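The next block holds one structure in the form of structure tokens; read it before the comments.
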Amino acid sequence: MYSREEVKQLKETFWTRFGQYMALHTSADGEKINWVNYRTGIKNLRFKMEADKRVALIAIEWTHQDISMRRLMWEQFEEYRNMLTGILGEEWIWDLEVVDELGKLVSMIYTTMEGKSIFKQEDWPDLISFFKPRLMALDEFWCDAQYGFEIFKS
């Protein structure tokens, strides 16, 4: 069992190392990018990565409080579904209403990997191998699709 401080430190170390590793790669449009804190340019829309003691998750998450706005964005993502799936090379889970870690309703398109722990350094290569290609695929998708989401900029 880890103390709260040890948990914080292990997670911080993993994400720092992942960020350093990913810094060697440019975005799909050739730009230098902060992969860990990927900016979509759309308020309430982000690429999310999480890992804990059992599951790793990568997602497109939008958090607008107004369900009608989340549905509009959902419909826009539906327009790009074939492109997204083609670039990812796999089907992800589409969920219009998920309760996030803060108890708020959000919408997500995501996939998970089970059985690997951020608290086991021997699992870190597997976690990186899970996150890296999917995050790079999300970036490739976003380089093309972002223009279809400009109506959500505020």
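Values quoted throughout were computed directly from the atomic coordinates according to the rules given, and no laboratory measurement underlies them. Remember, it's a predicted structure, so these values are computed and weren't measured experimentally. Every residue, glycine among them, receives a Cβ derived from its backbone with ideal geometry; neighbour counts consider all protein chains shown.
Data overview
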{"read-out": "Translational diffusion of the range 97-154, µm² s⁻¹ [Kirkwood Rh, Cα pairs; Stokes-Einstein; 37 °C; 0.692 mPa s]", "value": "231 µm²/s"}
{"read-out": "Helical contribution to [θ] at 222 nm, DSSP H n ≥ 4, -39,500 (n - 2.57), averaged over the chain, rounded to 500", "value": "-13500 deg cm²/dmol"}
{"read-out": "Residue exposure sequence - R81, R46 - by fewest surrounding Cβ within 10 Å", "value": "R81, R46"}
{"read-out": "The chain: mean projected area of Cα convex hull, nm²", "value": "9.5 nm²"}
{"read-out": "Efficiency of FRET from Cβ geometry, E79 and K8, R₀ 35 Å, rounded to 0.05", "value": "0.30"}
{"read-out": "Under 12 Å between alpha carbons - lysine pairs in the chain that sit 8 or more apart or on different chains", "value": "5"}
{"read-out": "Length-normalised contact order of the range 4-152 in % [C-alpha pairs under 8 Å, at least 6 apart]", "value": "28 percent"}
